[in-house]
Amino acid sequence: MEDSPASVIDIVTSLLTSAASVVKTTDEKRWIDQLAERLVGVPTIGLAGRVSSGKSTLVNALVGAQVAPTDAGECTRVATLYECGAPECFDVIGFGGQRLRLPELAPAQLGMPLDDIDFAVAYTPQSRLRDRYRVIDTPGLSSHEITSERATRRALVDHGGLPQPEVTLFLVEGGHVRQDEAEFMRAMGASRVNTILVISRADIAGDGVMGEEDPFDVATRHAQRLLHERRDLASAAIPVAGLMAESAEVGISEHEAATLARLDGVDEFDLMADIDGGSADPTLMNLYTKIGLYGVVHGRLAASGGAIRLSDWLIERSGLQALHRAIDDRFRLTGPVLKARTALDALQHQAWRSSARAEILTLIEEAELDPRLHCLREVVALDRLVQSAPTSPLLDELERLLHSDNTESRVGVAAGSGADEIRDAAIQRISSCRTMKLTTFSGVEREALTVLERSYQLAMGEVAR
């Protein structure tokens, strides 16, 4: 189909090639070339949330290796892109473009003042960074760490040197999105298309492991409520226990699994007392620091099946598997659209600072006339609706279009339907859009109806060819 998401990349790539030919400086051309490279590379995930909300631990779980520091060193106060590369090293990039390469993945000292650092790039030969996604870890929001908050805002709001992520994971604690967090999410362009809420530390939600209710059940309720309350900011909310997920991915030894399995019949309160008192087996104490009390108490049965079985249980129970599914769902169909929109937004932002501003803006306007970029208008219409009319029924229709990968699903008929049936369904939906315009008073909804009408006209045009 002509306006399928896959073709969007071709159109925007061609636009970037044209833009590179009209800019006047080598730096601008290099920047545009890098933007084009990102279009054909793996997508980017960004992590945001408050300081110490578990972002770096989740980065390690997503990457499948302990690449991000979880202590309070200087690295944790700099926005960092984790990218596949060898040998392992850490590049610090200053505001003036200067680059300092350090031969460690997580150096304790960064070699220049924090206030002079724009961002960092950590290179490590991890297969997920090569095959699935790159990851941006940010220091986080804080009322005390001014340097950390500035670095986070620069990375995700101000279009700094880092690539803009196609999908953002926003970590929240306690089942609440605070006012400053909601404001930050809106500033970074959070929407139901590109943002997933992560309820962090789900293994200690509610009254914890020894409470009457399983912490994950409490965290799941938090997620459901947040998704209802913040449907303008995200389309999924996933409870995750980052520590359990990280340890499962980084590695559990057979000795650790066997130690845990031997405790299967021990009373939970006695087990907790031994851990709290420091009298437990050293291997168990080490495992406790790796997977937490929930993992120790509830992972004993799985541990009887060995390290692999325990790791599988930890990945499933921690919520990491559900998070992967949510991420993959967004990348599967809307990934190309999100990448194209990110590149187009970045080019438009750069154009206003370029000496070739008029030429670049003209090229963008010409490209936007291509019907294959209409899906980007659907994304914009969805974003505006969630901000101004979050209860509008048009939201579901726009989301359905963005997740449709064929003409039949776009007009709402069964796969394999004939041309006449597709055309009739498209005509009916066009007529419905026009009728709704007559009774709709919201300008944003009328704009969305115009976009929807064009979507169905394009679908009808598909069967005419």
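The values are calculated or read from the model by the stated rules, or taken from the named source; none is laboratory data. None of the values given here were measured: they were computed from a predicted structure. Counting neighbours? That spans all protein chains shown, and the Cβs are built from the backbone with ideal geometry, glycine included. What goes into the accessible areas is simple: the full protein's heavy atoms, side chains included, and nothing from ligands, DNA or RNA. Shrake-Rupley method; radii C 1.70, N 1.55, O 1.52, S 1.80 Å.
What do you get for Rg/Rh of the stretch 40-175 when both radii come from the Cα atoms and Rh is the Kirkwood radius?
Taking Rh as the inverse mean 1/r over Cα pairs, Rg/Rh reads 0.93.
Expressed in nm to one decimal, what extension gain is obtained for the pair E212 and S432 from 0.36 nm per residue of sequence separation less their Cα-Cα distance?
74.1 nm
If you count only protein heavy atoms with a 1.4 Å probe, what accessible area per residue comes out for the stretch 340-431, rounded to a whole Å²?
On a per-residue basis, the stretch 340-431 sits at 47 Å².
Kindly report the accessible area of the stretch 254-326 per residue (heavy atoms of protein chains, probe 1.4 Å, no ligands, DNA or RNA), in Å².
It amounts to 47 Å² per residue over the stretch 254-326.
Rounded to the nearest whole Å², what accessible area per residue is found for the stretch 99-179 with the 1.4 Å probe?
Ligands and nucleic acids excluded, the result is 45 Å² per residue.
May I ask you to list the residues of the stretch 106-129 whose amide nitrogen lies under 16 Å from a point 7 Å from Cα along the Cα→beta-carbon direction of E88?
106-109, 121-129
Scaled to the compact-protein estimate 2.2 N^0.38 Å, what is the alpha-carbon radius of gyration of the chain, rounded to two decimal places? Please list the in-between numbers first.
On the way: Rg = 24.4 Å, N = 465, 2.2 N^0.38 = 22.7 Å.
Normalised Rg, Cα atoms only: 1.07.
How big is the stretch 313-462 on each of its three principal axes, counting only the C-alpha atoms and giving the largest first in Å?
Dimensions of the stretch 313-462 along the principal axes of its Cα atoms: 53, 50, 32 Å.
Mind running the shape call on the stretch 218-358? Use the C-alpha gyration tensor, a ≥ b ≥ c as the square roots of the eigenvalues: rounded below 1.5 for a/c, prolate if a/b tops b/c, oblate otherwise.
The shape class here is prolate.
Amide H neighbours of G49 under 5 Å, counting only residues 5+ apart in sequence or on other chains, H built in-plane at 1.01 Å?
L141, L171
Quick one: pull the percent of accessible area on the stretch 414-456 belonging to carbon and sulfur, 1.4 Å probe, ligands and nucleic acids left out.
54
For an R0 of 45 angstrom, estimate the FRET efficiency from the Cβ-Cβ distance between W352 and S127 and round to the nearest 0.05.
Once the sixth-power term is evaluated, E becomes 0.70.
So, with +1 on the Cβ of K and R and -1 on the Cβ of D and E, and no other charges, what is the size of the charge dipole of the chain about its Cα centre, to the nearest 20 debye?
Charge dipole of the chain: 1320 debye, to the nearest 20.
Please list 107-114, 86-93 highest first by mean number of surrounding beta-carbon atoms within 10 Å per residue.
86-93, 107-114
Where both partners of a DSSP beta bridge lie in the chain, what percent of those bridges are antiparallel, to the nearest 5? Provide the component values of the computation, followed by the final result.
On the way: 13 of 37 bridges.
So the antiparallel bridges amount to about 35 percent of the total.
With a 1.4 Å probe and every protein chain kept in, tell me what percent of the accessible surface of the stretch 103-248 is carbon plus sulfur.
That fraction is 45 percent.
Above 17 angstrom, tally the Cα pairs of the stretch 341-394 and express them as a % of all pairs, no decimals.
Roughly 49 percent, once rounded to a whole number.
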